[in-house]
Amino acid sequence: MTRLSDDFLSYFYYGVREDYLERIKGEKAPLSEVFLGLTRNNPALLTSDKDGRPNGSIKSVGFIIRENFLEEAIKDYDQFLAWRLEQIRGKMGKDYEGSGWLYSPHPDFIVPGLKQSLKHQYLPREEAEKKIDFEKLGTLEGFFKKTWENVQTNKKVAIVYYYPPGTHFQVNCTVEIQKSGLIRDFINRSACVAHGENPVKWAKRPAYIFHVEEVIDKSIYPEYTRDK
């Protein structure tokens, strides 16, 4: 496996952390800026079937913490998600079941979710080097369509990241499908923090674990746009 490059991480890990820190300050950014920031962790996942026919799909791809930190993080995520669902029910009604797949949870609880991600996933540099496995990326399977079909027979994938105006990386990986296990459970919780309300409805979603093999910098003007 290969470690994600420092240049890649400066945009798509530490850049996301900076976006989250800005958003939890409570200042409302223009929607255009919010949506631009979301491009950092919503790359295109490229797969192909056994005959070489390609498929591209936008996925919310995140980072994975190292194995010895997983159980503690999962426990804390469970406590947070249970608390948040009860708070949402207080606004929506006690019988509200929540959603298993939303773009984001109730708007009043987006900032607490960002704080949870900053606690376990998007960390200060020194802590991140200790806790985050920068040789892996991960996401959940939500729809069981063409991507799911392709990776059954071809485990080689590319993840293409783009951040305007010219930052562009391709991360070539081998994908592992995990239907149970601590990494799947972690990805499940961290995705639910960002995209859902009721964690019970996420329980059967398998995870894709992407083992990084190559990082290609395709940026147009790296000497002008890269923030070291």
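The values are calculated or read from the model by the stated rules, or taken from the named source; none is laboratory data. None of the values given here were measured: they were computed from a predicted structure. Note that we place each Cβ from the backbone using ideal geometry, even for glycine, and neighbour counts take in every protein chain shown.
Numbers for the structure displayed
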| item | result |
| --- | --- |
| Any pair with Cβ under 8 angstrom, 6 or more apart, that starts in the stretch 79-92 at a residue that is touching a residue at least 24 places away in the same chain (Cβ under 8 Å) and ends at one that is outside any helix (DSSP H, G or I) and surrounded by fewer than 19 Cβ atoms within 10 Å (Cβ to Cβ) | 88/96 |
| Filtered residue count, the stretch 1-33, keeping only those that are part of a loop (DSSP other than H, G, I, E, B) and crowded, with 17+ Cβ neighbours inside 10 Å | 2 |
| Test: residue in the stretch 31-38 that is touching a helix residue (DSSP H, G or I) at 6+ places or on another chain (Cβ under 9 Å), at pLDDT 95 or above and closer than 30 Å to residue 154 by Cβ | no |
| Some residue of the stretch 167-181 being in contact with a Gly (Cβ under 8 Å, 6 or more places away or on another chain) and either of a type outside the set (D, E, K, R) or within 19 Å of residue 63 (Cβ to Cβ) (or both) | no |
| Single match in 176, 126 (criterion: charged (D, E, K, R) and either closer than 22 Å to residue 209 by Cβ or under 16 Å from the mean Cα position of the chain (by Cα) (or both)) | 176 |
| Residue check for residue 161: closer than 24 Å to residue 15 by Cβ, in a loop (DSSP other than H, G, I, E, B), touching a helix residue (DSSP H, G or I) at 6+ places or on another chain (Cβ under 6 Å) and aromatic (Phe, Trp, Tyr) | no |
| Leading residue by the ranking (nearest to the chain's Cα centre (by Cα)) among those in the stretch 1-30 that are farther than 16 Å from residue 135 by Cα and β-branched (Val, Ile, Thr) | 16 |
| Residue check, residue 36 surrounded by 14 or more Cβ atoms within 10 Å (Cβ to Cβ), aliphatic (A, V, I, L, M) and under 17 Å from the mean Cα position of the chain (by Cα) | yes |
| Criterion violated by residue 122 - all others in (1) in contact with a Phe, Trp or Tyr (Cβ under 8 Å, 6 or more places away or on another chain); (2) outside any loop (DSSP other than H, G, I, E, B) satisfied | (2) |
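Every residue, every condition in (1) at pLDDT 90 or above; (2) closer than 15 Å to residue 16 by Cβ; (3) part of a helix (DSSP H, G or I), yes or no:
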residue	(1), (2), (3)
52	yes, no, no
56	yes, no, no
68	yes, no, yes
84	no, no, yes
89	no, no, yes
94	no, no, no
100	no, no, no
118	yes, yes, yes
